[in-house]
């Protein structure tokens, strides 16, 4: 665990679309030797309610997220970095879901280097 995320001085309360969050935002990480610029790490512990479809019971769920960025705090607030991180995750989830359900491109198409040879080459996709 990163030592900075244990320190309460980096802790802030935040809110997300469906609930509340605790955010840690630590700048100037230089301990990643392959990266030559300081990094900013944002961690979000989120609590939200979920209504179960079958039983209609409401339960409280928790999720923990962490993002690394080069955007300085003056350019992107903690809340903005959290929104960007979730938006990126949504793009990946919905994009892969569309590949499987609408294009019938299951496992091999998502993970194979030769997926373009199996019909997903951009030149073979219909133009919208």
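List of remarks:
- Residues in the stretch 72-108 that are part of a loop (DSSP other than H, G, I, E, B) and in contact (Cβ under 8 Å) with a residue 40 or more places away in the chain: 72, 73.
- Residue among 4, 95 that alone is at pLDDT below 90 and touching a strand residue (DSSP E or B) at 6+ places or on another chain (Cβ under 6 Å): 4
- Filter pass, residue 20 being out of contact with any strand residue (DSSP E or B) (no Cβ under 6 Å at 6 or more places or on another chain) and not in a helix (DSSP H, G or I): no
- Inter-residue pairs, beta-carbon under 8 Å, first under 14 Å from residue 65 (Cα atoms) and in the stretch 16-40, second loosely packed, with under 10 Cβ neighbours inside 10 Å, 6+ apart: 20/13; 21/13; 22/13; 23/13
- For the stretch 33-65, the set of residues classified as assigned to a loop (DSSP other than H, G, I, E, B) and surrounded by 12 or more Cβ atoms within 10 Å (Cβ to Cβ) consists of 35, 38, listed by residue number.
- Counting only residues that are touching a strand residue (DSSP E or B) at 6+ places or on another chain (Cβ under 7 Å) and at pLDDT below 90, the stretch 27-51 holds 2 of them.
The values are calculated or read from the model by the stated rules, or taken from the named source; none is laboratory data. If you're wondering where the values come from, they're calculated on a predicted model, not measured in any experiment. Counting neighbours? That spans all protein chains shown, and the Cβs are built from the backbone with ideal geometry, glycine included.
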